[in-house]
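The values are calculated or read from the model by the stated rules, or taken from the named source; none is laboratory data. Predicted model, so just to flag it, every value in this text is computed and none were measured. Accessible surface areas use protein heavy atoms only, side chains included; no ligands, DNA or RNA. Shrake-Rupley method; radii C 1.70, N 1.55, O 1.52, S 1.80 Å.
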Amino acid sequence: MTSATPMTSVRAHLRPTAIVAAAASLGAGALLALPASAAQASAAQASPRAPKPTIVLVHGAFADASGLDTVIRRLQRDGYRVIAPANPLRSLSGDSAYLKALLKTVSGPVVLVGHSYGGAVITNAATGNANVKALVYLAAYALDKGETVASIGTKFPGSHLTPDALNQVPLTGGGADLYIKPDKFRDVFLSNRLSAARAAVLAATQRPAAAAGFAEVSGTPAWKTIPSWYLVARQDHAIPPAAERSMAKRAKAHTVEVNAPHAVYLTDPGAVTRLILDAAKR
């Protein structure tokens, strides 16, 4: 057996150290050689993600925000902050001004969702607000400038929300509040999809809308500059589905269709939630 010489032993001892040192030197050189773009990409990956947008849900006429409870719970479970304010339902300009003021209190990005008449409100309230990143219309009025809610019904006949389906309550200062007649509510709002007992409760607790709001002219639409999503309810008896498709197409909205009544958030909360999340994650 041959024993190692002192020099051989030293070389054997130094070889791993030299390899490690060379590797370290090479690694440092490679890091120094990284282009600025790669370093920036690395920094971007290390930076925190953009905050999730706040979801603001705006109900329409003959309803209130409580009907959106299932959708709200699902969005909150997914980590989103949700606000579902009371829509005054007094006038299109007044309701839009109220929502516009509320939006100023919300910091960060916003996804604005409107159902039915609430769609006309978000169309006006979001105009000029840079924080609103997306508009979501749920069987809603995505009006153009100069249009009214009533004019859509004239252009697209077939709605069951006719004068004989409404009760009018005269207001002291003029005009009237409108309610859907209890015996018409299940057909108009729900297309008979929910039980008569459930429809009776919803009819009894409905919030009236001032007739003036349906006749008021809409302003410059926010969907001209803000990306939009639209859910068409194929069984809608309040807004004809043909009208919904036309408004969605005009707004160049990402569109889905659901076999649902006007109150789609009650019968198909899953489809509603998925559409909102799609808008929120873009």
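The accessible area of Glu257, taken with all protein chains in place and a 1.4 Å probe, comes to roughly 70 Å². Using a/c under 1.5 as the rounded threshold, could you call segment 79-196 rounded, prolate or oblate? The axes a ≥ b ≥ c are square roots of the C-alpha gyration tensor eigenvalues, and prolate needs a/b larger than b/c, oblate otherwise. Judged from the Cα gyration tensor, segment 79-196 comes out prolate (a/c at least 1.5, a/b above b/c).
Stokes-Einstein D for segment 57-128 at 4 °C, 1.567 mPa s, Kirkwood Rh over Cα pairs, in µm²/s? The partial results should precede the final answer.
Details: Rh = 12.5 Å.
Translational D for this selection: 104 µm²/s.
For His115, His160, give me the order by solvent-accessible area with a 1.4 Å probe, most accessible first, ignoring ligands, DNA and RNA. Kindly include the intermediate steps, with their values, before the conclusion.
Numbers: His115 5, His160 70 Å².
Most to least solvent-accessible, the answer reads His160, His115.
Using a 1.4 angstrom probe on the protein heavy atoms only, line up Lys181, Lys224 by accessible area, largest first. Write out the running numbers ahead of the final one.
Working: Lys181 55, Lys224 125 Å².
The ranking, largest first, comes out as Lys224, Lys181.
Find, to one decimal place in angstroms, the Kirkwood hydrodynamic radius of segment 180-221, where the mean of 1/r is taken over every pair of different Cα atoms and then inverted. The partial results should precede the final answer.
Values: mean 1/r = 0.0845 Å⁻¹.
By the Kirkwood definition, the hydrodynamic radius is 11.8 Å.
Put Leu102, Leu143 in order of accessible area, highest first, and with a 1.4 Å probe you get Leu102, Leu143. Using only the Cα atoms of segment 191-259, build the gyration tensor, take square roots of its eigenvalues as a ≥ b ≥ c, and label the shape rounded, prolate or oblate: rounded if a/c is under 1.5, else prolate if a/b is larger than b/c, else oblate. Because a/c hits 1.5 or more and a/b fails to exceed b/c, segment 191-259 counts as oblate.
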